[in-house]
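A.B. asks: Dumping the structure here so I can ask a few things about it.
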Amino acid sequence: MKTSTLPITRRDFAKTTLLASAAVMLSGAATFAQSRRRIRTGVIGCGSVSHSYLPVLTECPFVEVVSLCDIRPERAQQQAQRFKVAHHYPHIDRMLAGESFEFLVNLTDMQEHERLNRQALAAGKHVWSEKPIANSLRAGQELLRVARQKRLRLWGAPITVQSPQFAFMARTLAQGALGRVAAAHADYGHEGPNWSSFFYETGGGSMPDLMVYNLTSLTGLLGPAKHVTAMLSIVTPERDITEKGSIKVTEEDNAMVLLDHGNGVISHVQSGFNYFNPHGHDGRGEQRHTITIVGSRGFMGMVGYDWAPLGVDLATHEQPQLKRHATDAKGYVWQQGAALAAECLATGRELLTTPEHALHVLEIMTAARKSQTTGKRIKLASMFRWPVVS
């Protein structure tokens, strides 16, 4: 599980956005009053990401956080005291056998998600998982099959398709404002975390930690990918990790992935743990376009990272000067996914984020690794509901 001794990429950013997120949750008060239902929730993983999730969850009118769990018991105890959660446990077995709850929020190391998600579903719990849901497409599909068999819900981060900036871009594409869409590019990177080694170990890498955001956004905008071609590399073979010292890097810290969406549409995504950013580790204040889409009659660029977008610039034949749109976040923050899922459980209001989309992105990442190994273009099999429109 992730340690909380050092700040993380998005945690500092979250401090300035949690109030906005809480406002969005409170805007659902009328719906809540009708349902009069709060989802009893357990959170596993009380490291760095929990500092961003727990404030949103504990302010959400659809959530009652009843238990916390961490393999480092002191972290679960500290978060339980901070957020006034009555029960905390050192192991998932004791958590599942302890205070009753119906919804598990999984914030552990990415290598542990599949195992813990499987155990939670087997115990009859709905699951929200930080990315990725599983370590392979087949395993993820099996988790979804089990969930459906048991009439449970399974969701996975990220929720970039829920942002108003994504919605504006999706509507613009649907209206044909860019003409015939040809190509897109996205990137996300920083100099790499040093608070845990799991980012660089088997099952880690810059793709499931960073590229997953851009892959979710671009496939959400352009449709499921049909083929993948990729080049991956390790730029920094050793890393200094807090509490461990020097470790060997086994997973890619530099990735270039080419996607064929069909109908002539091609996109390219790059990510890495060797990207200097003048705005710092979290990219706060980033003003450049991190996602761009170009067509025969227009150009569109997302300003800032897609997990914290600041707006969308658009230029077309009819209006050739770039004009900024969708500058209001409307309460969107990246860490509100589990709270939105709880609202879905309480009220039936569905999310744009779906497990099928998360599994498609997972397949892209595993296909990218296969492409690097074989030097071949890899055909994909998974699909999801598209277009993604609100």
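A.B. asks: Among (1) over 18 Å from Ala76 (Cβ atoms); (2) in contact (Cβ under 8 Å) with a residue 24 or more places away in the chain; (3) assigned to a helix (DSSP H, G or I), which single condition is Val127 missing?
C.D. replies: Condition (3) is where Val127 drops out.
Residue-by-condition table, conditions (1) assigned by TED's automatic domain parsing to the domain that holds Gly140; (2) over 22 Å from Gly140 (Cα atoms); (3) surrounded by fewer than 19 Cβ atoms within 10 Å (Cβ to Cβ):
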site: Ile293; (1), (2), (3): no, yes, no
site: Ser296; (1), (2), (3): no, yes, yes
site: Ala341; (1), (2), (3): no, no, no
site: Met365; (1), (2), (3): no, no, no
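A.B. asks: Also, I was wondering about something else. Filter region 93-112 down to residues that are part of a helix (DSSP H, G or I) and more than 23 Å from the chain's Cα centre (by Cα) and give me whichever is surrounded by the most Cβ atoms within 10 Å (Cβ to Cβ).
C.D. replies: Residue satisfying both the conditions and the ranking: Met95.
A.B. asks: Out of (1) out of contact with any Lys or Arg (no Cβ under 7 Å at 6 or more places or on another chain); (2) in a strand (DSSP E or B); (3) not hydroxyl-bearing (Ser, Thr, Tyr), what's the single condition that is false for Ile247?
C.D. replies: (1)
A.B. asks: Taking only region 66-79 into account, find how many residues are buried (at least 21 other Cβ atoms within 10 Å of the Cβ) and assigned to a helix (DSSP H, G or I).
C.D. replies: Narrowing region 66-79 to residues buried (at least 21 other Cβ atoms within 10 Å of the Cβ): 67-70, 75-76, 79.
Then drop every residue that is not assigned to a helix (DSSP H, G or I), which leaves 75-76, 79.
So the answer is 3.
A.B. asks: Answer with yes or no whether Val312 is within 22 Å of Arg145 (Cβ to Cβ) and buried (at least 22 other Cβ atoms within 10 Å of the Cβ). Outline the logic, then answer.
C.D. replies: Values: within 22 Å of Arg145 (Cβ to Cβ): no; buried (at least 22 other Cβ atoms within 10 Å of the Cβ): yes.
So Val312 fails the test.
A.B. asks: Still on this structure: As an exercise: evaluate Ala122 against (1) of a type in the set (A, V, I, L, M, F, W, C); (2) more than 16 Å from Leu340 (Cα to Cα); (3) buried (at least 16 other Cβ atoms within 10 Å of the Cβ) and give the number of the one condition it does not meet.
C.D. replies: (3)
A.B. asks: OK, next. Can Ala184 be described as touching a Leu at 6+ places or on another chain (Cβ under 7 Å) and more than 21 Å from Gln335 (Cβ to Cβ)?
C.D. replies: yes
A.B. asks: Among (1) modelled with pLDDT of 95 or more; (2) assigned by TED's automatic domain parsing to the domain that holds Gly203; (3) not β-branched (Val, Ile, Thr), there is one condition Gly285 misses while meeting the rest; what is its number?
C.D. replies: (1)
A.B. asks: For region 274-334, give me every one of the strands (runs of 3 or more DSSP E) that falls completely inside it and has 2 or more residues that are in contact (Cβ under 8 Å) with a residue 40 or more places away in the chain. Walk me through how you get there before you give the answer.
C.D. replies: Working: elements: 289-295, 298-303, 311-316, 323-325.
Ranges flagged: 289-295, 298-303, 311-316.
A.B. asks: Further, regarding this structure: Quick test for you: out of Val161, Val228, pick the one residue that is touching a Leu at 6+ places or on another chain (Cβ under 7 Å), buried (at least 19 other Cβ atoms within 10 Å of the Cβ) and either polar (S, T, N, Q) or assigned to a strand (DSSP E or B) (or both).
C.D. replies: None of the other options fit; the residue is Val228.
A.B. asks: Specify which of the listed residues (Leu218, Leu178) is touching a residue at least 24 places away in the same chain (Cβ under 8 Å) and assigned to a helix (DSSP H, G or I). Walk me through how you get there before you give the answer.
C.D. replies: On the way: Leu178 fails: assigned to a helix (DSSP H, G or I).
Every option except Leu218 fails the conditions.
The values are calculated or read from the model by the stated rules, or taken from the named source; none is laboratory data. A quick note: this is a predicted structure, and the numbers were derived from the prediction, not measured. Heads up, the Cβs are rebuilt from the backbone with ideal geometry, glycines too, and the neighbour counts pull from every protein chain shown.
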